[in-house]
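Asker: To start, I am sharing the structure in question, which I have written as structure tokens.
We did not get these values from a lab; they are worked out from the coordinates using the rules stated. Quantities reported herein were computed from a predicted structural model and do not represent experimental measurements. Reconstructed Cβ throughout: ideal geometry from the backbone, glycine too, with neighbour counts over all protein chains shown.
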Amino acid sequence: MMPTKKIVLSNDPLLLTILRNSFFQREGFDMVLVQDGQTGFQAIEAEEPTLAVFDLLRPDEQALECCRAVKSDPLLAATPVLLLLPEDAEEDLADDCWAAGCDAVVHRPLAAERFLDAACGLLGISRRLARRFAVSFQLSFLDTKQKKHVGSCVNLNLGGMFLATETLFPVGTELAVEFVLPGFQMTLQNSVRVAWVNHPEWRKKNSMLCGVGLEFVSVSPTFVAALQVFLESVKIDD
């Protein structure tokens, strides 16, 4: 699991649209918008994000200055920084970005596939495995009082699943799930946290059944390996 689920980024409508139409939004990442390099640095200090994305479209060098400041701060240096370059940027500007310590650069025009590949690469995420996979299997889960319930998993990825169930819980509730993947024999168990709720009277996603979006908590290597093998054989639900 990633330590936080926040992305600090320049307030760019296209960039925001790309992220909101990707798995980052579906997996509950918060987008922290900033206006310039100074507010960007302050946001990284305050939010401890998983990723920072800054735009160099403006003529000033605040994004570069912010990157230098982040990478020279021992407490912040591990934060991945991705810089977006103008479409007509000269090669010297890319060199300046690397010299400032950035972890990746993406040239405009901003293509969703190229940007998401770069962002996922920085986070060590396979874009294929990050997407939602349509599945259908029954599972059981225990609530905080160790009462057993049943539901149906309708989509799944390495970060979590959507569980169709009439037994709903508040966001943040921790549960324990137990299931056997289709075609497998090993029973998998793991802790999960309720990330969002699709209530029958106020549906967050009309296309989804009543139920809860769950994120996996403290996954074991065995659990991850089993999911990877299974997901590699499943068709992506776009």
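Asker: Count the lysine pairs in the chain that are 8 or more places apart or on different chains: how many have C-alpha atoms under 28 angstrom apart?
Answerer: Taking the chain as the scope, the lysine pair count is 15.
Asker: Sort Ile125, Ile44 so the one with the fewest other Cβ atoms within 10 Å of its own Cβ comes first.
Answerer: If I rank by nearby Cβ atoms, fewest first, I get Ile125, Ile44.
Asker: Quick one: dipole size for the chain, taken about the Cα centre, charges +1 on Lys/Arg Cβ and -1 on Asp/Glu Cβ, in debye to the nearest 20.
Answerer: 1580
Asker: Between Cys210 and Gln25, with labels modelled 7 Å along Cα→Cβ, what's the label distance in nm to one decimal, could you check?
Answerer: Here the answer is 2.7 nm between the modelled labels.
Asker: Report, to the nearest 10°, how far helix 221-232 tilts away from the longest principal axis of the Cα atoms in the chain, using its own Cα long axis and a range of 0 to 90°.
Answerer: So the inclination is approximately 90 degrees.
Asker: Using a Förster radius of 35 Å, what is the FRET efficiency between His149 and Glu232 based on their Cβ-Cβ separation? Nearest 0.05, please.
Answerer: That pair, His149 with Glu232, gives E of 0.75.
Asker: Which one of Ala43, Ala111, Leu156 is farthest out on the positive end of the charge dipole of the chain, using unit charges on Cβ (Lys, Arg +1; Asp, Glu -1) and the Cα centre as origin?
Answerer: Leu156
Asker: Something else about it: What does DSSP give for the chain in terms of the percent of beta bridges that are antiparallel, rounded to the nearest 5?
Answerer: The antiparallel proportion sits near 70 percent.
Asker: Students often get this wrong, so try it: which of (1) 19.9, 62; (2) 16.8, 49; (3) 17.6, 54 is Rg and Dmax of the Cα atoms in Å as calculated from the structure shown?
Answerer: Among (1) 19.9, 62; (2) 16.8, 49; (3) 17.6, 54, the one derived from this structure is (1).
Asker: On a 0 to 90 degree scale, rounded to 10, what angle separates helix 112-123 from the longest Cα axis of the chain?
Answerer: With both axes taken from Cα atoms, the answer is about 80 degrees.
Asker: State the percent of C-alpha pairs, over all pairs in segment 6-125, separated by a distance greater than 17 angstrom.
Answerer: 50
Asker: Return Asp36, Asp73, Asp95 ranked ascending by Cβ neighbour count within 10 Å, so the fewest neighbours appear first.
Answerer: Asp95, Asp73, Asp36
Asker: Label Gln35 and Phe184 with points 7 Å out from Cα along Cα→Cβ: what is the distance between them in nm?
Answerer: 4.9
Asker: Applying a 10 Å radius around every beta-carbon, put 150-160, 189-199 in order of their mean neighbour count, most first.
Answerer: Highest to lowest by the protection proxy: 150-160, 189-199.
Asker: Taking only Cα atoms, what is the 0 to 90° angle, nearest 10, from helix 37-47's long axis to the longest principal axis of the chain?
Answerer: Long axis of 37-47 versus the principal axis of the chain: about 30 degrees.
Asker: Next up: Need one number: nm distance between label points at Ala225 and Leu14, each 7 Å from Cα along Cα→Cβ, rounded to one decimal.
Answerer: 4.4
Asker: Which length gain, in nm to one decimal place, applies between Ala77 and Asp95 when the Cα-Cα distance is subtracted from 0.36 nm times their residue separation?
Answerer: Length gained, Ala77 through Asp95: 4.6 nm.
Asker: Still on this structure: Answer with one residue from Phe23, Val212, Leu64: the one whose Cα lies farthest towards the positive end of the charge dipole of the chain, charges on Cβ with Lys, Arg +1 and Asp, Glu -1.
Answerer: The residue sitting farthest along the positive end of the dipole is Val212.
Asker: Within 10 Å, at most 10 other Cβ atoms, and a DSSP state outside H, G, I, E, B define an exposed site. Report the longest part of the chain free of exposed GluC sites (Glu not before Pro).
Answerer: The longest such stretch corresponds to 1-86.
Asker: What ranking do Phe179, Phe162 get, fewest neighbouring Cβ atoms within 10 angstrom at the top?
Answerer: Ranked by crowding around the Cβ, least crowded first: Phe179, Phe162.
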